[in-house]
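The values are calculated or read from the model by the stated rules, or taken from the named source; none is laboratory data. Predicted, not measured: the structure shown is a model, and the values here were computed from it. In this analysis, Cβ positions are derived from the backbone assuming ideal geometry, glycine residues included, and neighbour counts consider all displayed protein chains. Protein only, heavy atoms only, side chains kept; ligands, DNA and RNA dropped before computing areas. Shrake-Rupley method; radii C 1.70, N 1.55, O 1.52, S 1.80 Å.
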Amino acid sequence: MAHTKLGAWSPLMQTAGGFALGAVAGCVLGATEGPVERSLSVLTAAAPLKPVMEEVRTVGALGLGTLIGATALTVAMTSVVAGVVLAAAVASVFVATRGCGASHTDSAGLWASAGLAGAVGTTLSGATLGVSVEWIVKSYGMLGLLWALSIFTVLKPPLNFVFKFLWRQGEACCTLGSPVWAREREQIEIAELQQRQRVTVQMEQRIMMLEREGSSSGTDPKITWDNERRQRVEIERKKMESEEAEMEQRTIQDWINTVVLKHVDFLAFSGIPMTVVAIVTSGFGVFGYGGHQSVFIVLVSLVGVIAYLLLKSADFKFWMLVGCMGMLATFVIAMLTLHAGQVVVTTAMKMRAAGQNQSKEDISTRMNHRSSLEALNAAFFVAKLCELALGAAVGGPLVRRAAGEVKVIAGAAVVALGLLAGVEVLAPVLGEGGKAGALLGVVGAAGVCVGAAAVVAGRWPSWQGTVGTIAGLVIGALGVGKWHIVNIGLQLPVAYVFAMTNPF
């Protein structure tokens with residue numbers, strides 16, 4: 001459904017069409033609520049939560065919150081970027097081999113193959129990272145997770161430059177290795193040369209005929225000249241179409257390169273602020289100051305200084321914005337983790353005042369349990385929100401790029417539901433952490449669908465289409481999502497904001 005065709009619909013049709021598109025996106029988002037909630041309940045059960053509870057004494061409540069939050073956001077960001085890079089690689093090869101014909105923009109094969117590759121890549125990378133995090137926590141505890149997160153953050157910037165170099169080399173190989181355009185130009189040039197030679201020969205023959213006393217034997221010259229003129233027009237048409245197709249290929253290839261490089265920069269640098277915060281707060285806990293009030297003062301000061309330095313930058317970039325948001329989300333998770341333990345202390349003091357004494361060991365165990373539980377719940381929700389937002393930041397530009405509203409929404413919906421079913425089937429193989437990471441990847445695919453619907457809502461020429469799309473999105477998400485009003489009410493505005501941004 002091209003944007004130019006939207007105005008041809010009546011207001012009633014715009015409302016119905018918008019509601020249908022919004023309902024599809026909303027239902028896909030709502031369908032992820034149940035599996036994600038079940039996966040989180042498994043992760044917060046007694047056995048999986050035990051290794052986390054034991055580490056609260058090591059890194060402190062604030063350190064635990066920042067560390068788990070930074071890890072969850074890193075997993076979400078990495079899985080999304082992995083999917084985007086894989087989708088871009090498939091699209092780049094598709095365009096370089098000219099597998100989608102004369103028009104790349106309208107090719108269903110291009111967008112379908114790239115979208116499927118991206119969604120599968122996001123899900124697989126999420127599952128892999130989930131399994132890795134689970135293994136590190138069980139084997140080496142939170143200190144092992146802190147070391148792994150630190151090493152990964154340090155390695156990302158140099159790997160960013162290596163990847164850019166390899167990507168440019170691969171792009172050059174694809175461009176040079178595709179003989180399609182050279183072969184077409186050669187064929188057109190040969191046809192032009194042959195046509196000129198024929199015209200030259202015919203002119204010479206005509207001159208010779210006129211010299212022989214105006215002999216008019218042979219073919220009528222008018223018919224011959226008309227045929228040659230038609231052939232010349234056909235050659236010019238083919239030449240123009242070839243040049244337009246080549247220009248379109250270069251344009252879409254440049255856009256793919258921009259998307260890839262922006263996302264790789266985003267992955268390389270956006271995690272640095274929240275990782276620094278996690279390292280500092282966890283370091284205080286390791287040296288025995290995890291519960292000291294100075295940790296909170298240092299944490300607030302550090303977040304404020306980093307946010308100020310990033311936001312005042314003259315060359316402000318998308319990764320800086322997301323880096324600040326991720327750092328603030330990590331800070332909120334740490335506050336919630338600390339508050340959960342303080343609630344236990346407050347309850348114990350009230351019970352003691354009422355004559356119900358509890359041992360220090362019992363209070364400490366309950367504090368560790370509540371803090372760990374709150375940290376996992378908050379981090380998982382923030383990671384899901386991050387996946388949804390980054391997916392919407394992909395789906396929105398796709399619609400604005402004229403990939404087609406119906407193609408993007410329907411394609412992302414089918415892929416997301418298919419991956420959701422696949423994750424449920426492979427749950428015994430993936431394990432708890434792998435399933436949680438894979439489900440985050442599915443949420444990213446759903447975010448593409450939601451982001452596309454959000455952009456569609458603003459592209460209708462009348463307010464009826466906009467209202468219909470928003471209504472379908474909200475009703476579909478709430479109806480299928482078991483009326484989780486708070487969760488969905490937070491997710492939809494965030495997805496809308498990221499869908500309307502233009503990070504490329």
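Using the Cβ-Cβ distance between Thr97 and Val162 with R0 = 30 Å, the FRET efficiency computed as 1/(1 + (r/R0)^6) comes to roughly 0.70.
Taking R0 as 56 Å, what FRET efficiency do you get between Glu246 and Thr365 from their Cβ-Cβ distance, rounded to the nearest 0.05? Taking R0 as 56 Å, the efficiency between Glu246 and Thr365 is 0.20.
Over segment 446-504, with the other protein chains present, what is the accessible area per residue in square angstrom, probe 1.4 angstrom? Before the final figure, lay out the partial values.
Values: 2490 Å² over 59 residues.
Each residue of segment 446-504 exposes 42 Å² on average to a 1.4 Å probe.
A simple spin-label model places the labels of Gln293 and Ile485 4.0 nm from each other, with each point 7 Å out along Cα-to-Cβ.
Per residue, the accessible area of segment 273-367 comes to 57 Å², computed with a 1.4 Å probe over protein heavy atoms only. Projecting label points 7 angstrom from Cα along Cα→Cβ for Ala314 and Arg401 puts them 3.2 nm apart. Each residue of segment 375-391 was assigned a 3J(HN,Hα) from its phi angle through the Karplus expression (A = 6.51, B = -1.76, C = 1.60, θ = phi - 60°), giving 4, 5, 4, 5, 5, 5, 5, 5, 5, 5, 5, 5, 4, 4, 5, 5, x Hz with x at Gly and Pro.
Calculate what fraction, in whole %, of the accessible area of segment 372-444 sits on carbon and sulfur atoms when a 1.4 Å probe is rolled over the protein chains.
Working: 1680 of 2190 Å².
The computed percentage sits at 77.
Applying the Karplus relation 6.51 cos²θ - 1.76 cosθ + 1.60 with θ = phi - 60° to segment 451-458 yields 3J(HN,Hα) values of x, 5, 5, 5, 5, 4, 4, x Hz, where x marks Gly and Pro.
Quick one: of Lys262/Lys407; Lys407/Lys435; Lys164/Lys262; Lys50/Lys384, which pairs are farther than 21 Å apart, Cα to Cα? Let's see the in-between values first.
Numbers: Lys262/Lys407 24 Å; Lys407/Lys435 28 Å; Lys164/Lys262 11 Å; Lys50/Lys384 23 Å.
Beyond 21 Å between Cα atoms: Lys262/Lys407; Lys407/Lys435; Lys50/Lys384.
The phi-based Karplus calculation (6.51 cos²θ - 1.76 cosθ + 1.60; θ = phi - 60°) puts the 3J(HN,Hα) values of segment 127-136 at 5, 4, 5, x, 4, 5, 4, 4, 5, 5 Hz, whole numbers, x for Gly and Pro. Could you work out how much longer the chain between Lys350 and Gln231 gets when fully extended? Use 0.36 nm per residue separation minus the Cα distance between them, nm to one decimal. Taking Lys350 through Gln231 to full extension adds about 33.3 nm, to one decimal. In terms of its C-alpha gyration tensor, segment 273-375 comes out prolate, because a/c is 1.5 or above and the ratio a/b outweighs b/c.
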